[in-house]
Amino acid sequence: MDRVTHLISARDLAHSLHDVVVLDVRYQLGGPDGRLEYARGHVPGAHYVDLDTELAGPPGEGGRHPLPDPSVVEAALRRAGVDDHSRVVAMDGRESYAAARAWWVLRWLGLGAVRVLDGGFAAWQRADLPVSTETPDDGAGTFTARPGQLPVLDADAAARLAQTGVLLDSRAAERFRGEVEPIDPVAGRIPGAVSSPTSEWLAPDGTFRRDLAEHWRQVVADRDTSAVGAYCGSGVTAAHQVLALAEINVDAVLYPGSWSEWIRDPSRPVATGPTPG
C-alpha cells in the first residue's frame, strides 16, 4: 500500500499550483499580523485566511481559539474558490502550527483533500520559488461546510483519556510542569497528561522530522496507545501533533478548548511538577 501523506513539499506544490487552492494562514501569537506578512510576499495565487477570526471562534467559555462558526469558514473557503472536491494546501510561515490548525478545521468541516506545505513559506523561499505580492480576486467557490467529520474531545473526555489512554500536552515542558505560564492565568496541566512539546516534532528547518515513528515511541514509552488525544494552550499547536501522528497512521483526537478552556472551571483539577515515576 502506498503511504498516505498529509504534507507536500515546496517543489511538489510548485508543480501543482495550477490544480490546487493555496491558503496562506500565517499567524504568530503576539507577533506581526499575518496579513502584513502575506502582503509582503506569498505563494502566487494564495488566498489569505485569518486564524483568529476565520479558523476559530471568539475567545470565551470555549477557550482562546474555540471551534469556528462553520458558516464563517465556509465563506472564507468560497472566497478562495474552494469547492467540495477542491485540492487545498494550507501554509504558514515556517513550523506549520497554524497550517495544521487549518488542515484540521477543514477536515472537520468535511473537506477531504487537504495538505500542509511542509516547512511553510520559509521552505518555499529556500527553494528559490516565485513570490507574488498580488492579491488574487475573490473566487466563487461552492464548498458546503459539514461540521463534525472529525471527532473532538471535550473537557470531561480529555480528563478520562488522560487516565485510560494517552493525552498529549503539546506545550513547552516548563508550561506542562507549571513552572511558567506566559499566556493563561493558571499554570499546570491536566492530571495524567503526557508531555510532548510540539517543537520536538520538528526538524531544525521547521519541517516535520523524518523519524516521527521513532519519536512517537520515545514519547509514549510503554503506555497503552489504543486511544490518543492532544491538547495545548488553545487548540492550535495540538493540531500539529494530530497531523504528525496522522503521518505515521496514528489516529489522535483534538481537544479544541485545550488548557485555556480547562481552567475556566475552577473545579477541574490541575497538576504541576514533573510526571510522577
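Yes/no matrix, rows are residues, columns are (1) touching a strand residue (DSSP E or B) at 6+ places or on another chain (Cβ under 8 Å); (2) among the acidic types (Asp, Glu); (3) within 26 Å of GLY93 (Cα to Cα):
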site	(1), (2), (3)
ALA123	yes, no, yes
ARG126	no, no, yes
VAL131	yes, no, yes
GLY139	yes, no, yes
PHE143	no, no, yes
PRO147	no, no, no
ASP156	no, yes, no
LEU161	yes, no, no
| message | Just to check your reading of the model, which residue among PRO58, PRO66 is of a type outside the set (A, V, I, L, M), modelled with pLDDT of 95 or more, touching a Pro at 6+ places or on another chain (Cβ under 8 Å) and surrounded by 15 or more Cβ atoms within 10 Å (Cβ to Cβ)? | response | PRO66
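Residue by residue, here is whether (1) within 16 Å of ALA122 (Cα to Cα); (2) among the acidic types (Asp, Glu); (3) buried (at least 16 other Cβ atoms within 10 Å of the Cβ) holds:
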site	(1), (2), (3)
ALA14	yes, no, no
LEU17	no, no, yes
VAL22	yes, no, yes
VAL25	yes, no, yes
GLU37	yes, yes, yes
TYR48	no, no, yes
| task | Identify the residue in the stretch 10-50 that is farther than 26 Å from ASP84 by Cβ and small (Gly, Ala, Ser) and, among all such residues, is nearest to the chain's Cα centre (by Cα). | result | GLY34
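Being more than 25 Å from PRO204 (Cβ to Cβ), in contact with a helix residue (DSSP H, G or I) (Cβ under 7 Å, 6 or more places away or on another chain) and not assigned by TED's automatic domain parsing to the domain that holds ASP251 is the requirement here; does LEU36 meet it? Lay out the reasoning, then the answer.
Values: more than 25 Å from PRO204 (Cβ to Cβ): yes; in contact with a helix residue (DSSP H, G or I) (Cβ under 7 Å, 6 or more places away or on another chain): no; not assigned by TED's automatic domain parsing to the domain that holds ASP251: yes.
For LEU36, the condition - more than 25 Å from PRO204 (Cβ to Cβ), in contact with a helix residue (DSSP H, G or I) (Cβ under 7 Å, 6 or more places away or on another chain) and not assigned by TED's automatic domain parsing to the domain that holds ASP251 - is not met.
Is it the case that ALA230 is outside any loop (DSSP other than H, G, I, E, B), surrounded by 19 or more Cβ atoms within 10 Å (Cβ to Cβ) and either among the charged types (D, E, K, R) or modelled with pLDDT of 95 or more (or both)? It would help to see each step written out before you state the result.
Values: outside any loop (DSSP other than H, G, I, E, B): yes; surrounded by 19 or more Cβ atoms within 10 Å (Cβ to Cβ): yes; either among the charged types (D, E, K, R) or modelled with pLDDT of 95 or more (or both): yes.
For ALA230, the condition - outside any loop (DSSP other than H, G, I, E, B), surrounded by 19 or more Cβ atoms within 10 Å (Cβ to Cβ) and either among the charged types (D, E, K, R) or modelled with pLDDT of 95 or more (or both) - is met.
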| Within the stretch 16-36, which residues are outside any loop (DSSP other than H, G, I, E, B) and within 24 Å of PHE143 (Cβ to Cβ)? | SER16, LEU17, HIS18, ASP19, VAL21, VAL22, LEU23, ASP24, GLY34, ARG35
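Looking for something buried (at least 24 other Cβ atoms within 10 Å of the Cβ) and either more than 16 Å from GLU95 (Cβ to Cβ) or free of Cβ contacts under 8 Å to residues at least 12 places away in the same chain (or both) - is there at least one such residue anywhere in the stretch 203-225?
no
To keep it simple, each residue is scored yes or no on (1) of a type in the set (D, E, K, R); (2) in a loop (DSSP other than H, G, I, E, B); (3) buried (at least 23 other Cβ atoms within 10 Å of the Cβ).
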{"site": "LEU77", "(1), (2), (3)": "no, no, yes"}
{"site": "ASP83", "(1), (2), (3)": "yes, yes, no"}
{"site": "ALA100", "(1), (2), (3)": "no, no, yes"}
{"site": "TRP104", "(1), (2), (3)": "no, no, yes"}
{"site": "GLY112", "(1), (2), (3)": "no, yes, no"}
{"site": "TRP124", "(1), (2), (3)": "no, no, yes"}
{"site": "THR142", "(1), (2), (3)": "no, yes, no"}
{"site": "PRO147", "(1), (2), (3)": "no, yes, no"}
| message | Looking at the structure I just gave you, is LEU109 in contact with a Phe, Trp or Tyr (Cβ under 7 Å, 6 or more places away or on another chain), aliphatic (A, V, I, L, M) and assigned by TED's automatic domain parsing to the domain that holds PRO44? | response | no
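Let's see how each residue does on (1) outside any loop (DSSP other than H, G, I, E, B); (2) crowded, with 19+ Cβ neighbours inside 10 Å; (3) outside the structural domain of LEU67 (by TED's automatic domain parsing):
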site	(1), (2), (3)
ALA162	yes, yes, yes
LEU167	yes, yes, yes
PRO256	no, yes, yes
PRO269	no, no, yes
PRO274	no, no, yes
| message | Conditions first: (1) buried (at least 16 other Cβ atoms within 10 Å of the Cβ); (2) of a type outside the set (Lys, Arg); (3) touching a residue at least 60 places away in the same chain (Cβ under 8 Å). LEU245 passes all but one, so which condition is the exception? | response | (3)
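The values are calculated or read from the model by the stated rules, or taken from the named source; none is laboratory data. Note that the structure is a prediction, hence the values are computed from the model and not measured. Heads up, the Cβs are rebuilt from the backbone with ideal geometry, glycines too, and the neighbour counts pull from every protein chain shown.
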